[in-house]
Amino acid sequence: MVKFKISDEDPEKIFKVFGSVNSVRQSVRYKSLCDRAQGPSFKAWNRHDQHLASIELLKEDLPADRAFLETELADLEQCHSPFIVSYKGTYRKQGYLWIVTEYCAGGALNDFMKICDVVLDEEQIACVMKMALQGLDCLHSLGVIHRDIKGGSIFITQSGDCKLSNVGLSAELTALMPKRHTMIGSPYWMAPEVLQEGSYDCKVDIWSLGITAIELGNGKPPLADIHPMRALFAIPNNPPPTMPDSSKWSHDFNDFLRVCLMKDHAVRPTARELLAHPFIHNVKSNSVLTKLMADCRKRVETFHRLGGCAEGDADELPEIESKQSIIEATNDETKSQSKQPTEEFVGEEEEEEQERSQLEQQRLENMRETNSQPNSPRCGFRPS
């Protein structure tokens, strides 16, 4: 596996992170785009190439996350595909690693659908599936399984392109060990062989993609209404899922789901084979997704203006003629922060402390009221 390189060049000289902050040590004060497992992510402006980027911060002293990260970045460095979120580099500063990747304005599809209160129609789903399959074909050709395909792992750009992200759960296959044995992924999207046999190959991603197609058209995956642990037992034993009221969907779409969700993974098609399926082959452009992004942009902008935290911050790149003003504003901001480096954070800390105090006071009052009642239950259990 390729080792990723870490640059010691100061990332704050390369990137302007949107939000008022002086250093990485105050990173939790940045305007966060989303809360990821590895660390907070931020929208940033690259002063060198004049493009937006997504920056994820990770404390360097976390060995488990570091190993997880090395796997993800090694895979990303190998995958040069327009259908996989591209990796831009890693920087080190003051105990943090800055992981820089391509910025996708729409964010993860599941977040985008929730923000805009939409589900995708058949033509839109076909576009997403085609681009996801092209990304999977790239990964699988390198012997890499994604292992966590779902709506939250497919990101959409302002132009309607879809790209696979969250490659950190991926596993590399070798000629000596062509199947994996670890159970990793999101329960509702897991293939039966992961839960039943314990060994699997790249075709687990095909099952997960079929479940994702249902998720995009229905708003949630099959079995989403039951507990995840029950789902783990139900998936191997239940028949392959279909769209609710499948008669409302075309024959091509229903057949695409049928072949993706074959329980016998030996006959389940590969990503490359599925690209020739009529449901996918008939897709000529992503114009329907471009239109969807344009229609929903205002709602996404409003969501983030009101404090949302999904990565789909659709406050897109300013017009070309205003790029110089961004650089000038960045320099002005730096000068201003050097004069009053901590004023903003002190104010925020005071507000947070006041809020914690009010919550604690309310909790104590509730406890007193409960204890003053006759036969009050203990340990939080109340009689029905």
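With respect to (1) surrounded by fewer than 20 Cβ atoms within 10 Å (Cβ to Cβ); (2) at pLDDT 85 or above, the lone exception for residue 147 is condition (1). Cβ-Cβ distances below 8 Å connect the following pairs, each with a first residue in the range 179-195 that is buried (at least 19 other Cβ atoms within 10 Å of the Cβ), a second residue that is at pLDDT 90 or above and polar (S, T, N, Q), and a separation of six or more residues or different chains: 185/208; 189/208; 189/212; 190/208; 191/208. Can we say residue 302 is outside the structural domain of residue 145 (by TED's automatic domain parsing), modelled with pLDDT of 70 or more and in a helix (DSSP H, G or I)? Yes. Contact list please: Cβ distance under 6 Å, first residue in the range 270-294 and touching a residue at least 24 places away in the same chain (Cβ under 8 Å) and in a loop (DSSP other than H, G, I, E, B), second residue surrounded by 17 or more Cβ atoms within 10 Å (Cβ to Cβ) and among the hydrophobic types (A, V, I, L, M, F, W, C), pairs at least six apart or on different chains. Note: pairs meeting the criteria are 275/133; 277/256; 283/126; 283/127; 286/127.
Test of understanding: among 87, 103, 91, 96, which residue is touching a Ser or Thr at 6+ places or on another chain (Cβ under 9 Å), modelled with pLDDT under 90 and crowded, with 24+ Cβ neighbours inside 10 Å? Sole residue among the options that is touching a Ser or Thr at 6+ places or on another chain (Cβ under 9 Å), modelled with pLDDT under 90 and crowded, with 24+ Cβ neighbours inside 10 Å: 103.
Within the range 102-130, the only residue that satisfies the criterion of being over 15 Å from the mean Cα position of the chain (by Cα) and at positive phi is 117. From the list 142, 133, the one residue that fits, being of a type in the set (A, V, I, L, M, F, W, C), assigned by TED's automatic domain parsing to the domain that holds residue 214, surrounded by 19 or more Cβ atoms within 10 Å (Cβ to Cβ) and more than 13 Å from the chain's Cα centre (by Cα), is 133.
Tell me which of these residue 206 doesn't satisfy, since it passes every other one: (1) under 25 Å from residue 272 (Cα atoms); (2) under 18 Å from the mean Cα position of the chain (by Cα). Among (1) under 25 Å from residue 272 (Cα atoms); (2) under 18 Å from the mean Cα position of the chain (by Cα), residue 206 violates only (2). Taking residue 236, is it in contact with a Leu (Cβ under 7 Å, 6 or more places away or on another chain), part of a helix (DSSP H, G or I) and either free of Cβ contacts under 8 Å to residues at least 40 places away in the same chain or under 14 Å from residue 190 (Cα atoms) (or both)? When the stated conditions are applied, residue 236 passes them.
The values are calculated or read from the model by the stated rules, or taken from the named source; none is laboratory data. The model shown is predicted, which means the values in this text are computed figures rather than measured ones. Here the Cβ is made from the backbone with ideal geometry for all residues, glycine too, and neighbour counts use every protein chain on show.
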